[in-house]
1. Order 259-266, 176-183, 284-291 from most to least packed using the mean count of other Cβ atoms within 10 Å.
2. Taking the Cα centre of the chain as the origin and placing charges on Cβ (Lys, Arg +1; Asp, Glu -1), which of A267, Y234, Y25 is farthest toward the positive end of the dipole?
3. For every other residue with a beta carbon closer than 12 angstrom to the beta carbon of E107, add +1 if it is Lys or Arg and -1 if Asp or Glu, then tell me the sum.
4. Using a 10 angstrom cutoff on alpha carbons, build the Gaussian network for the chain and name the most mobile of A254, A148, A267.
5. For the chain, give the magnitude of the charge dipole about the Cα centre (Cβ charges: +1 Lys/Arg, -1 Asp/Glu; no others), in debye to the nearest 20.
6. Counting only protein chains, not ligands or nucleic acids, how are M195, M213 ordered by accessible area (probe 1.4 Å), most first?
7. With each pseudo-label sitting 7 Å past Cα toward Cβ, what's the K293-Y25 distance in nm, one decimal?
8. Taking region 156-307 on its own, what percent of its Cα-Cα pair distances exceed 20 Å?
Amino acid sequence: MILQRVSIVELRIRASTGVYCIIGYPIAHSLSPVIHNHAFRLYGIDAVYVAFEVRPEMLEVAVNGIRALGIKGLTVTIPHKERIVAYLDYIDDVAKSIGAVNTVKNEDGRLLGYNTDVWGFLEPLKPYTSKLKGGSVLLIGAGGAARAIVYALKSLGVTRVYIANRTADRGLLMEKYALSLGLDAKYIGFDEIYMNELSRSVDLIVNATPLGMHGVGGRVPIGSDYINKDAIVYDIVYNPLETPLLMEAKKAGAITIPGIEMLVFQAILAFEIWTGIRPEPKPLRDVVIKALKHQGQVNENYIRKKD
Ligand code: NAP
């Protein structure tokens, strides 16, 4: 109780305080408020970041509300990333190609849309760019995040992408998108045997489905015996910190990248778009780990990545 009172006093919300937000549906479990409020405090910016649960049918009204209230910037998450494009004044080229916006800046009433998922996905792969140039990837999932990842893979210079997805229509659409970018892409269905077979030979395996996520359950059907020890395994699910797929990859001796990395880096670029400041990743990663620990989603033996 006392702690709660102290933190309210520390927030020091005044009439001049800038307001930023996230919109999504549902939104209660988002960690974005934890990240951005921490960054505002760290960099001494007079701003707060709140979460709004916006039903799909209320999206246009909500965007008008953002204009009317002068909300300075927002993060956009499921299910609004694609549909919000129609209500904005400008979309940058990356977001245009992907057809989805996850970050909006309100510049004197003009709403500018960006997609920071691409950079967020790429930054943790920076140490491995030479390994991935000309390489092959098994991408599991064909939703909004997978589309940003396909764009990112093209910019990395990857040659071949195998797309595994439960629903054929979406998988084939993703194949078409990847081909349009000039990637050698192939939709492979969602066959466990085929996925495991491919895992032996690809340079990077990416999970872009919610499989393994707290509250969703299930697991990506790839076992440690099939993962090449020289491969990189990247799971964009960040809750729990170490997913079943990452555990299998560790067992195989492969390089692992947890979803918290993409989460933190996409937020870093959003923060930079809004404020001109690029925050350091470590304090933001630490605050997310603290929040996940609070939810019991951090394995005891989780070893933190050094900055
Ligand atoms: P989305 O557009 O709804 O797409 C979901 C994808 O997962 C689809 O390919 C869907 O396949 C597949 N999928 C869902 N449930 C499945 C199941 N039970 N079995 C097999 N496949 C299943 O969602 P999204 O925006 O791409 O997000 C995907 C995941 O990435 C979410 O868990 C999200 O939290 C995470 N994410 C993380 C970050 C980060 O910063 N770390 C950023 C964005 C997203 P169908 O086509 O067959 O339905």
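1. In decreasing order of mean packing, 259-266, 176-183, 284-291 become 259-266, 284-291, 176-183.
2. Projecting each Cα onto the dipole axis, the largest value belongs to A267.
3. Once positives and negatives cancel, what remains is +2.
4. Maximum fluctuation in the GNM of the chain, among the listed residues, is at A254.
5. Computed about the Cα centre, the dipole is about 480 debye.
6. M213, M195
7. About 3.7 nm separates the two model spin labels.
8. 55
The values are calculated or read from the model by the stated rules, or taken from the named source; none is laboratory data. Nothing here was measured: the structure is a model prediction, and the numbers come from that model. Every residue, glycine among them, receives a Cβ derived from its backbone with ideal geometry; neighbour counts consider all protein chains shown. Only protein heavy atoms, including side chains, enter the accessible area calculation; ligands, DNA and RNA are left aside. Shrake-Rupley method; radii C 1.70, N 1.55, O 1.52, S 1.80 Å.
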